[in-house]
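Written out below as structure tokens is the structure these notes cover.
None of the figures in this text is laboratory data; all of them are computed from the coordinates on show. Because the structure is a prediction, the values reported are computed rather than measured. Using ideal geometry, Cβ is built from the backbone for each residue, glycine included, and neighbour counts are taken over all protein chains shown.
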Amino acid sequence: MTANLALSELGFSADDRVVIIHADDVGMCAATIDAFFELAACGIVSAGSVMVPCPWFPAVVAGCRKHAELDVGVHLTLTSEWNGYRWGPLSTRDPASGLLDEDGYFYRNQDQWRNVDPQAVRVEVEAQVDRAIAAGLDTTHIDCHMFSLVRPSLVDQYVSVGFKRELPVLMTRQPQWVAALSEAAITGWEQQGLPVFDHLREMPLAGSAADRIDLAKRLFDQLPAGLTYLITHPARDTPELRAITPDWCHRVADYDVFHDGGLAQYVHKAGIQIIGWRPLRELMRARRNLR
């Protein structure tokens, strides 16, 4: 494997195993908020991203004022998947945008989109990033909920808002992403200064939630050399969480596992390097300033 350009510039070797351990869906509900702050302070979670259109976004902002050192990004949200708890766009109520279902919320998943307007997507994406910045978040990165923007028709709206705000967006050479976007496109963005991940891994939200710590250890054991993005969905066990999503037990298990000091010792003993998004953001900005 060719050495990752971002890792090389950050001083890592081609053989190093480097990972961002990321908490997705922060602010989706109350159960996710303190879970993220606790894991970032006491566990090995090194970054998280917030769902700006969700009702609990102001509570995330309030918490971030007390934890300004944390890596917090924007989890661009264009879908609303749950049955009894929904949210919609910040920028429009116009059905012609293609973003709204018959109830006026985001569609439950991107496969339901029929006539989504790329320009409406761009306006909504910018509105979410700008609201986070205006709220005072020291925004370190951008990623997207349910990978809804990882498609040829919309990826330019995703990447270009990152370049415009000098914020790295999640981009990876995971085979599925290369197949969807092309190696040429990913390399082109990398040459423009975007840090690119070699691998993407995820703690699953399906199957058994038992023996989660063994699953996490196996994942770290198998972590390849290069830069990996590991997605988790930690949340506390609350009545609200249980009412929202049938995968609540997996989210609570992620919280328990990544709060476990034994897992932290296991990862460090394995020689795995944990970083956040902040050094990648500063690297991207330094690259862009040299142009």
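A compact table of results
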{"item": "Within a Gaussian network of the chain (alpha carbon springs, distance under 10 Å), most fluctuating of ALA225, ALA210, ALA30", "result": "ALA210"}
{"item": "Using θ = phi - 60° and Karplus 6.51 cos²θ - 1.76 cosθ + 1.60, couplings along region 228-236 (whole Hz; Gly, Pro as x)", "result": "10, 10, 9, 9, 10, 9, x, 7, 6"}
{"item": "Rounded to 5, the percent of DSSP beta bridges in the chain classed as antiparallel", "result": "5 percent"}
{"item": "By average C-beta atoms within 10 angstrom, highest first, the peptides 127-134, 193-200", "result": "193-200, 127-134"}
{"item": "Neighbour-limited loop hits for trypsin sites (Lys or Arg not before Pro), region 45-96 (at most 12 other Cβ within 10 Å; DSSP other than H, G, I, E, B)", "result": "ARG93"}
{"item": "Whichever aspartates and glutamates have a C-alpha closer than 16 Å to that of LYS66, once near sequence neighbours (fewer than 8 apart) are set aside", "result": "ASP34, GLU38, ASP138"}
{"item": "Rounded D (µm²/s) - region 1-142, Kirkwood Rh over Cα pairs, Stokes-Einstein at 4 °C, 1.567 mPa s", "result": "78 µm²/s"}
{"item": "By average C-beta atoms within 10 angstrom, highest first, the peptides 171-182, 259-270, 15-26", "result": "15-26, 171-182, 259-270"}
{"item": "Exposure proxy order (Cβ contacts within 10 Å, fewest to most) of TRP82, TRP87", "result": "TRP82, TRP87"}
{"item": "Reachable lysines from LYS269, criterion Cα separation under 21 angstrom, eight or more residues apart if same chain", "result": "LYS217"}
{"item": "Charge-dipole axis of region 186-246 as Lys and Arg at +1 and Asp and Glu at -1 on Cβ define it, positive-most pick from THR245, ILE231, PRO204", "result": "THR245"}
{"item": "Total charge dipole magnitude, the chain, about the Cα centre, Cβ charges on Lys, Arg, Asp, Glu only, Debye to nearest 20", "result": "520 debye"}
{"item": "Size of electric dipole in region 151-289: Cβ of Lys, Arg +1 and of Asp, Glu -1, about Cα centre, debye, nearest 20", "result": "480 debye"}
{"item": "Amide H within-cut-off set for GLY226, under 5 Å, with H built and near neighbours excluded", "result": "ASP16, ARG17, VAL18"}
{"item": "Under Karplus coefficients 6.51, -1.76 and 1.60, residue-wise ³J(HN,Hα) of region 15-29 in Hz, glycine/proline x", "result": "8, 5, 9, 10, 9, 9, 9, 10, 9, 7, 6, 5, x, 4, 8"}
{"item": "Among [x] -0.44, -0.97, -1.06; [y] -0.32, -0.90, -1.06; [z] -0.43, -0.88, -0.97, the entry that matches log10 I(q)/I(0) by the Debye sum over Cα atoms at q = 0.08, 0.13, 0.14 Å⁻¹ as calculated here", "result": "[y]"}
